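The values are calculated or read from the model by the stated rules, or taken from the named source; none is laboratory data. Predicted model, so just to flag it, every value in this text is computed and none were measured. All Cβ positions, even for glycine, are placed from backbone atoms using ideal geometry, and neighbour counts span all protein chains on display. Keep in mind that these areas ignore ligands, DNA and RNA; they rest on the heavy atoms of the full protein, side chains included. Shrake-Rupley method; radii C 1.70, N 1.55, O 1.52, S 1.80 Å.
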Amino acid sequence: MTEPARMPPNSPGRADPPAGGSSTMCCGRIHLRAGCPGMVRVSPSARPFKSETGIHVEVDELTGVYKNLTRGIVALVFRCKPSGGTERTSSESTAVSWLTPDKVSERMSEVFAVRLLDALDSNGPHVRSHDGKRLIRAG
């Protein structure tokens with residue numbers, strides 16, 4: 001790579017920041033469909049990303065599945081490409097930043113940083129587990 005990878009903006013001052021006030025990232029949701037057991041609707045991060053950062057993105061491929069074993073939450077992370085908009089903060093963010101991989105590791109907790117770093121790796125999608133603070137190594 002001849003230049004540092006540009007990482008998606010993140011919102012360090014979200015209304016629901018992780019422990020320690022470190023940076024975090026925008027995300028979508030999975031909705032269970034009422035009356036249809038086993039059916040889900042995945043809402044990748046394009047709309048919340050725009051509302052939190054002002055940046056329009058195109059959702060690309062799934063890059064990871066991250067399981068918070070303590071809280072029973074599964075996060076699906078998709079690679080996104082910026083396609084327009086103007087960087088801005090919102091009621092859910094206090095800053096929008098473009099980060100190099102080294103800065104991601106410095107500014108984000110391990111369980112959030114790995115999601116962005118995995119998105120740069122073409123060997124995914126990755127499946128990882130954590131306890132909300134630290135990754136739980138397989139095996």
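Numbers for the structure displayed
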{"read-out": "Meets criteria (surrounded by 16 or more Cβ atoms within 10 Å (Cβ to Cβ), of a type in the set (D, E, K, R) and assigned to a strand (DSSP E or B)) for residue 115", "value": "no"}
{"read-out": "Residue within segment 93-108 that is on the phi < 0 side of the Ramachandran plot, touching an Asp or Glu at 6+ places or on another chain (Cβ under 6 Å) and open to solvent by 70 Å² or more (accessible area, probe 1.4 Å) present", "value": "no"}
{"read-out": "Residue that is basic (Lys, Arg), part of a helix (DSSP H, G or I) and modelled with pLDDT of 90 or more, where the choices are 67, 103", "value": "103"}
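Quick grid of which residues meet (1) under 19 Å from residue 131 (Cβ atoms); (2) part of a strand (DSSP E or B); (3) modelled with pLDDT of 60 or more:
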position	(1), (2), (3)
8	no, no, no
17	yes, no, no
30	no, yes, no
41	no, yes, no
49	no, no, yes
74	yes, yes, yes
77	yes, yes, yes
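Okay, residues lined up against (1) closer than 28 Å to residue 138 by Cα; (2) in contact with a strand residue (DSSP E or B) (Cβ under 6 Å, 6 or more places away or on another chain); (3) not aliphatic (A, V, I, L, M):
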residue: 49; (1), (2), (3): no, yes, yes
residue: 53; (1), (2), (3): no, no, yes
residue: 77; (1), (2), (3): yes, yes, no
residue: 90; (1), (2), (3): no, no, yes
residue: 107; (1), (2), (3): yes, yes, yes
residue: 119; (1), (2), (3): yes, yes, no
